[in-house]
Amino acid sequence: MKRRSRQPRYLRLFRTLLRLFPAEFRGDFGGDMEADFTDQHRDAARNGRRETVGLWLRTAPSIARAAAVEWGAVFVSDLRFAFRFIARAPGFAMAAVATLAIGIGATTAVFSVVNATLLRPLPFPDPGQLVSVRTRTTDGRLSTGLLSPVEMSSLLGVEPVVESVGGYGPQPVTITLLRSDGAPVPLLATGVTEGFFDALRLPMAYGRAFTHEEHAPIRGNVPPSAVLSYSAWKTLFGADPAVVGRNIRVAEGSADVPVVGVAAPELDLPHGTDLWFNLRTQSQAVNHNYDAILRLRPGATIEQLRSAASVQMTALARTVPSDANREFVVRPLVAHLVGDLRPTLLIVLGATLLLLLLASGNVTNLLLARATARSREMAVRAALGAGRGRVVRQVVTESLVLASLGTAAGVLLGLAGVRFMLVLGASKLPRLQSVPFDWRVLVFAAAVLGCSTLIMAAAPAWRIAGFDIRALLNESGRTTSSTRGTSRTMRGLIVAEIALALALVAGAAWLVQSFARLRSADTGFISEGRVVVDVRPTRRFNGPGDVRAWTDRLLESIRAASGGALVGTAGTFPFTQDRDGTLYIGVQGEARDPDDMRGARIRSVGPNFFNAMGITLIAGRPFSNADRTGSEPVAIVNQAFVRMFFPNGDALNRSVAFGYPKIDPHTASRIVGIVADVRYASLAEDPEPACYLPLAQLPTPPMRQAVVVATPGRDPEALIAVLREALRRFDPGSILTFTPAAAIVGATLERQQLGMTLMVIFGAIALALAAIGIYGVIAYASAQRRGEMATRMALGASRWDVFSLVMASGRRFGVLGLLLGVAVAYAGGRIIAGSVFGMRPSDPLILAGACAIVGAVTVAATAIPALALSRLDPSRALRSE
């Protein structure tokens, strides 16, 4: 038996290198190169291994360079042909590019917002090591979620994991800077504990941070020090470095405040802070007043921190009663800063990705129809020597050109979309003061370009790869199996488009429904016809009596200027900065379990607050002017308080005491009234148990109060100018802010409104794209069956028969698309239900409504080509055939 001769190894390697070249450049060209290389290899082999290695080192790079040049030439040739192809069909190209631009523009704009909020690193060194720490109770007790100094100290004890811990007030407080000429300037100030600046690890622009001595508790009333924000330093002090070391005058303080430093420009935590001041805290204090920032040691993980923090809390619970049934909540700092905006953005981003798939499906259908129309052209090219790979590569190049043009237009549209979202109110949301188009956005756009090219090119390339060249050259190509396969592919894409459109419409309906439920949620008070006046006096008072007298004159001035309107006052207005606290509650005459201490919000209000707010009095009486210092201590509680502490409903005339960490029996107050629940924190959160106390009975009344002026039947905006003038006459130095109560409630819905608006826009675009896609496929199929329908009509079929036949073909994939869409919408709804207020993914009204809308669009898009085909003139159509 004759043995098959084996090729030398060097020749096999050389032929492998030749495969780098395009197929059309191999053959004779490759044969010549192979013969030359063989001769050179023989000569080199005679001179030893070193010469052979040198030959390979010279040959391989030159072949690779030549292959790159050849491939570049082929690609340039394909590009030229692709642009000529686009120029010959400008209408097709414009439709494809515009469709892609809509999908890519929406996706890029939303990704830019997601990037700005969730992906862009915080402006601190090693931001991945920064962690937010809060607490929560595991037994349902009311909790602010804030940390106590003893809890922060315990976390510092986890040395292998924790590098530093610092606390800060969760909300900046408004203080008043007095200029040298006495002019008041409002500032937002935040108190910080030791370790705050250490954890952030940002060097000061000027001066220094607070020292350990400035945080240490001392006896006596010592004014705090201050670190200015960079923006406040530039705006208020003209960027003068000499301000460090000077004293500034603050109206709320008894002495001037020394400025010790200017923070780095990147530091804006909490957002909007103009000034940080040092807090002096006992390391073993148990008051829960602080948000905490923790910096992990290099190499440590959040999971390690969670495990260690759990051990620390268990140890604390043995000695600190308030830490029983409490746990640490640990998450990256960026997630804490963004808050509940994260799920809204991720939902909207998912919707835009569906929209992009829908747009790509539309363009794929256009390319499929175009490929069918060019089938004979492609067959002729194949017959003249072009391989299938060459033809497929040309189709991919055309898809790449269209996708590139669509991406370029989409990025420009995305820039406009970002501006539009900022106008809608996104700029007021966390980390969205600026939305940069940075490298992440560009990489995302490039990824979208690649994915769109693959999606668009796959089906046409598969269609061309299945050409029967002889059949296409001998027949018209309309009745080949390839064409039937193309039609099935196009209809399958339309089914997917209908399903995606239904999912987007259902998602938009869910967010609209959620927004409507939030807007209609019972706040517990009447916001219409109310003006809230935030009054911050800059004068200094001589004791609590002076404050009370000034407050009485303030309310009289407001009452007189408003024409005798109801005027109430409180320490905190709902949905604004909460200046009240949470304390443990004890019911007089009932035994207390030290391991089950329950708390409530303690709120201070004036006599007419409930009437001015329109809060319903359920039982008892409201506060009166007689409830002052020296009279019997009284309280009014809400229904949530009654449900928690008096399940039998016998709250009236019972006495409650409060305090923290222990209940102070001297605070015992008799409950004289029960009022309806009021939502203070959020429309989406249930009202908390609340105990209202008279402002006039507080030992130290607050100097800053929220005054509510009820003006039923009058425009609150028209009253603001009158009130401003009257209060300027009363106390020219006071800082005043006037806000309609309805605007305060509306501001709590900004995040939900942004998500709802975007989803409605995406749903409308999805319907338009689905309609265009359905119309295109039916119109294409109708054109393919023009001769068949003309024959039917010539043999006696009526126009209605033709119309019904075309509608039936559209009905089949319409029903399939709706069924698939309901499944997709339900599955997606189950995923996002926990992030959307009041959402039920199985809501039959939402799903039925989405089906009705998408079904109507499907019928309309099918009816237009069906109607056109039914009006066909059989004689003309058959003559053209």
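The values are calculated or read from the model by the stated rules, or taken from the named source; none is laboratory data. Model, not experiment: these values are computed from the prediction. Note: ideal-geometry Cβ built from the backbone for every residue, glycine included; neighbour counts use all protein chains shown. Remember, those area values only see protein heavy atoms, side chains included, never the ligands or the DNA or RNA. Shrake-Rupley method; radii C 1.70, N 1.55, O 1.52, S 1.80 Å.
For the stretch 158-240, evaluate the Debye formula with one uniform point scatterer on each Cα (no solvent term) and list log10 I(q)/I(0) at q = 0.15, 0.16 Å⁻¹, rounded to two decimals.
Cα-only, vacuum Debye calculation for the stretch 158-240: -0.71, -0.80.
Could you sort 452-458, 793-799, 736-742 so that the peptide with the highest average Cβ count within 10 Å comes first and the rest follow in order?
452-458, 736-742, 793-799
In square nanometres, what is the average projected area of the Cα convex hull of the stretch 797-881?
7.1
Which number do you get for Rg(Cα) / (2.2 N^0.38 Å) in the stretch 724-775?
2.28
For the stretch 191-302, what is the charge dipole size about the Cα centre, in debye to the nearest 20, if Lys and Arg each add +1 at the Cβ and Asp and Glu each add -1 at the Cβ?
180
Ranked highest first by average number of other Cβ atoms within 10 Å, how do 95-108, 155-168 line up?
The packing order, highest mean first, is 95-108, 155-168.
Would you work out the Kirkwood radius for the stretch 614-709? I mean one over the mean of 1/r across all pairs of different Cα atoms, in Å.
Final number for the Kirkwood radius of the stretch 614-709 is 14.5 Å.
Assign one of three labels to the stretch 106-215, namely rounded, prolate or oblate, based on the Cα gyration tensor with a ≥ b ≥ c the square roots of its eigenvalues; rounded applies when a/c is under 1.5, prolate when it is not and a/b is larger than b/c, and oblate otherwise.
Note, shape of the stretch 106-215 comes out rounded.
Within the P(r) computed for the stretch 131-183, what percentage of the Cα pairs occupies the region above 14 Å?
Pairs farther apart than 14 Å: 68 percent.
Report Rg/Rh for the stretch 519-583, rounded to two decimals, where Rg is the Cα radius of gyration and Rh the Kirkwood radius.
1.02
Leaving out ligands and nucleic acids, and using a 1.4 Å probe, what accessible area per residue does the stretch 616-730 come to in Å²?
47
I'd like to compare 543-551, 290-298, 814-822: which one has the highest average count of other Cβ atoms within 10 Å, and what's the full order after that?
290-298, 814-822, 543-551
If you consider only alpha-carbon coordinates, what radius of gyration and Dmax does the stretch 785-833 have, in Å?
Using the Cα atoms of the stretch 785-833, the pair Rg, Dmax is 18.1, 57 Å.
What area, in nm² and to one decimal, does the C-alpha convex hull of the stretch 248-337 cast on average over all directions?
8.8
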